1. Which residue is modelled with the highest pLDDT, if the candidates are limited to segment 96-133 and must be under 26 Å from the mean Cα position of the chain (by Cα) and part of a helix (DSSP H, G or I)?
2. Run down Val301, Val273, Val259 and say which single residue is in the same structural domain as Ala178 (by TED's automatic domain parsing), outside any loop (DSSP other than H, G, I, E, B), modelled with pLDDT under 95 and of a type in the set (Val, Ile, Thr).
3. Restricting attention to segment 187-197, does a residue exist that is surrounded by fewer than 24 Cβ atoms within 10 Å (Cβ to Cβ) and small (Gly, Ala, Ser)?
4. I'm checking my understanding of the structure. Among residues of segment 398-426 that are more than 21 Å from Thr184 (Cα to Cα) and modelled with pLDDT of 95 or more, which one is surrounded by the most Cβ atoms within 10 Å (Cβ to Cβ)?
5. Please identify the pairs in which a residue from segment 342-356 that is in the same structural domain as Ser398 (by TED's automatic domain parsing) has its Cβ atom under 8 Å from the Cβ atom of a residue that is in a loop (DSSP other than H, G, I, E, B) and of a type in the set (D, E, K, R), counting only partners at least 6 apart or on another chain.
6. So for segment 215-227 (the condition being among the acidic types (Asp, Glu), within 17 Å of Gly258 (Cα to Cα), outside any helix (DSSP H, G or I) and in the same structural domain as Leu302 (by TED's automatic domain parsing)), does at least one residue qualify?
7. With the requirement that a residue be in contact with a Leu (Cβ under 8 Å, 6 or more places away or on another chain) and surrounded by fewer than 20 Cβ atoms within 10 Å (Cβ to Cβ), what does segment 250-278 give you?
8. At least 1 residues that are under 20 Å from Thr220 (Cβ atoms) in each: list the strands (runs of 3 or more DSSP E) lying fully within segment 16-95 that qualify.
Amino acid sequence: MALQVFTAVTGAAWESELVGALDREDHGVTVVRRCVDVAELLAAATTGTGQAALLSAELRRLDGSAVARLHAAGVAVVGLVEPGDTRAADRLRQLGVVRVLPADAEPEAIARALREAVTGVPVAGHDVADPRAALPALGLPPEAGAGPAGGGRVVAVWGPTGAPGRTTVAVGLADEAARLDVPTLLVDADVYGGVVAQVLGLLDESPGVAAAARQAAAGTLDRAALARLAWSVSPQLRVLTGLARADRWPELRPRAVGVVLEEARRLAALTVVDCAFSLEEDEELSFDTAAPRRNGATLTVLESADEVLCVSGADPVALQRTVRALAELRDALPEVEPIVVVNQVRRGPVPGDARQEIATALGRFTGREVRAFLPADRKATDAALATGRTLAEVAPHSALRTGLRALAAELGGVPAPAGRRARRGR
């Protein structure tokens, strides 16, 4: 039985000749519909009459969301670009089109790529080469530097509802890693109310993560563009600010967030992402693959991260929330192995030796060890928040800052700095 294919390559001079060549029986491909735009292509995909789609890079309003909807409808996608147009090939790959061919490829090669896309065969060697591999630093602003070629690490800072101090930990880790000469990018991906910009005294009207997601959806985001969208707080620290309003969460589509993280790996050696707390999926929306999901961005970050930090408070209520949150994480993403960090440790809420009691309780109810205990230092955190500065600037000898610096060194893969001896009389 011939493979049923949709085409959306309008506007190209070679479109009619290509469709005629593919319709020949010896190729095993039948074009069941020639679509003129993305809307018609998506409508045809929902009918279930085709198994693959052949589209061109010039198709108007083609974005990552459209490609994701095609995949969700069970339609494999193959892209065509003008011969030698590596920029268009790069854009299609960023949109999620894995197989990209030059338009002058033989009809049999195109038909074979369509069949392989449907069956899931790995990408063949006739695809257009990825230009980013050959020109990793092309177009970068001077301040971006060469940067890692996609080898950066992503650390997600997540935790239960309440106020366990996720943002404090994320900002502190990013700042301390940058002070250890690790090129770092701090991303505010909290869809319920990110405040990284306010904590650091930055303007939250800047485009930030929303603009990066829009460019990722359009296939135009690269390392240079990401560097331009991020604030340069220090020579080694950039900040991608969050949503200015919580009701703008639909702008952070999961696939676009994934592309942003891919480019972040190319820009910085370490990317620290401040996440929202919720992992819940709307059961009603789960039946509609086109509907946006508010927590999709958080799930994408946790799934893509190299390390996931679960930040817990140190009081009984916060610990109970952490136990439940870890169970939810295990159900949602069983492959993720989080690192538990207990923040705001102090005397009072937990009787006896707080660290020992907390470690015992979390080990008993979650089966996980506590990697780090961060002491409560309300005076230092208040001073930092009031002035829009970091702990290292307002309280360099704070015990909380010392704990964050040690954790940042571990996550950044650099030696922990030796502690300074306190001055006499302090």
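1. Ala117
2. On the way: Val301 fails: modelled with pLDDT under 95; Val273 fails: modelled with pLDDT under 95.
Going through Val301, Val273, Val259 in turn, the sole match is Val259.
3. Yes, there is a match, as at least one residue in segment 187-197 is surrounded by fewer than 24 Cβ atoms within 10 Å (Cβ to Cβ) and small (Gly, Ala, Ser).
4. Only one residue tops the list, namely Ser398.
5. Listed by first residue and then by second, the contacts come to Gln344/Asp315; Pro349/Asp315; Val350/Asp315; Ala354/Arg346; Ala354/Arg347.
6. yes
7. Scanning segment 250-278 gives a single hit, Glu251.
8. The strands (runs of 3 or more DSSP E) meeting that bar are 52-56, 76-81.
The values are calculated or read from the model by the stated rules, or taken from the named source; none is laboratory data. Keep in mind it's a predicted model, so treat the numbers as computed, not measured. In this analysis, Cβ positions are derived from the backbone assuming ideal geometry, glycine residues included, and neighbour counts consider all displayed protein chains.
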